[in-house]
Amino acid sequence: MEPLRVGLVGYGGAGRGIHARLLRATGHVVVAVVTRHRGDAVREDWPDARVVPDLPALLERPQDLDLVVVASPTGEHVAHVRAVLEAGVPVLVDKPLATTEQEAAALVRLAQERDGRLTVFQNRRWDPEQLTLRGLLDVGELGRVHRFERRWERFRPEPQRRWKEEDPVGGGLLLDLGAHLVDSAVQLFGPVRRVHAELRALTTPAVDDVFLALEHVPDADGHVVLSHLQAGGLVGAPGPRTRVLGDRGAYLVTSFEGEPTPFAALDDAYEQARRPEEPPHEGWLVRGGDRTPVPRAAGGHEDLYHAVARWVRGAGPVPVDPRDAVVTARVLDAARRAAATGTPVVLA
């Protein structure tokens, strides 16, 4: 399959640090980049790419683009995605799709009018962590699950002065990490019917302390899974990354992507003793005092871009249905209302 010719909107932490890296790893070519201040970085990474100051300049030659990746600040997503769709080019937008459910739904309607040329970068669906847990649930290793916990916690008493920390509307951990956490919970345990939230801005103008309690829609037997999701930038002792409780046992992921946590000692001890022929582990199957390592499922974020290429070429389904991003936005909207009123919000 021929490499995709990609236009990239934004060349900051997401554009350069994530998307450009994954595009290179999967053999695609960045042919144009929208940036006002990082042209030198673009020319260093992609010497043949055009550097343009704005999106209209990028879209002057839509025939030269197979895909546009929108990695601009969240508050600009709506305008940027709309312009790309109207130019007739497939678009992959970084999460969240928009800052509100209403805006996200409007973009999905436009995409449907444009033959479904929209997908969302929910790359955490391809995390080995998520894939490993999905495999355990599929084989019933945990039995009937009643609680899902996931944390994305860091200790940054001196926050980074980026738009994500400074913009109280388009930034903040609720929209940033919360979009990943909610999407993961819904993918694993289905739609949400009630939302409780605690949101605070402790060190930045934008929200940097998030707790969400989601009650999922009951199954056919009336059984309910509760998801407790946390994100914080002022957490000196980050908790275990993931804990899933079922009636046959629990699944525990102690650490995540090298983020410091006291629970990482469990992984360190195992890795030091692991024999070369034993596979790396992703987490632990725990039953009281018994703890068994769970091998890591194969997969990674490159797989999302492989799926994007097949979709663009008409050889595969949309990697992430943009309607899923509307569902996530609905939950995040409800979280803001619940936090403001102190009352759980019921989703009809």
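The numbers here are math on the coordinates, done by the rules we state, and not lab data. Source: prediction; values computed, not measured. Cβ placement follows ideal geometry from the backbone for every residue including glycine, while neighbour counts extend to all protein chains displayed.
Quick notes
- Packing-based order for 319-331, 110-122, using average beta carbon neighbours within 10 Å, highest first: 319-331, 110-122
- Linear extension gain, Thr292 paired with Thr341, 0.36 nm per residue minus alpha-carbon span: 13.3 nm
- Distance from the C-alpha centroid of segment 5-29 to that of segment 144-180: 23 Å, rounded to the whole angstrom.
- The shape of segment 11-96 comes out rounded: with a ≥ b ≥ c from the C-alpha gyration tensor, a/c is under 1.5.
- Extension gain from Glu259 to Met1, taking 0.36 nm per residue of separation minus the Cα-Cα distance: 89.2 nm
- Computed packing ranks the peptides 210-216, 297-303 as 210-216, 297-303, most packed first, by mean other Cβ atoms within 10 Å.
- Take the Cβ atoms of Gln160 and Glu198, set R0 to 30 Å, and the FRET efficiency comes out at 0.85.
- Once the Cα-Cα distance is subtracted from the 0.36 nm per residue extended length, the Glu60 to Glu86 segment shows a gain of 8.1 nm.
- Most positive-pole-ward Cα, Leu92, Thr35, Pro344, against dipole of the chain from beta carbon charges: Pro344
- Angle in degrees between helix 302-312 and the longest Cα principal axis of the chain, rounded to the nearest 10: 50
- Here is the list for segment 1-105: trypsin sites (Lys or Arg not before Pro) lying in DSSP coil, each with at most 12 other C-beta atoms within 10 angstrom of its C-beta, are Arg36.
- Sequence ranges 92-98, 155-161, ranked by mean other-Cβ count within 10 angstrom, highest first: 92-98, 155-161
- On Cα atoms only, tilt of 322-341 relative to the major axis of the chain in degrees: 60
- Cα gyration tensor shape of segment 87-126, rounded if a/c is under 1.5, else prolate or oblate by comparing a/b with b/c: oblate
- Crossing angle, helix 177-189 versus the chain [Cα axis fit, 0-90 degrees, rounded to tens]: 60
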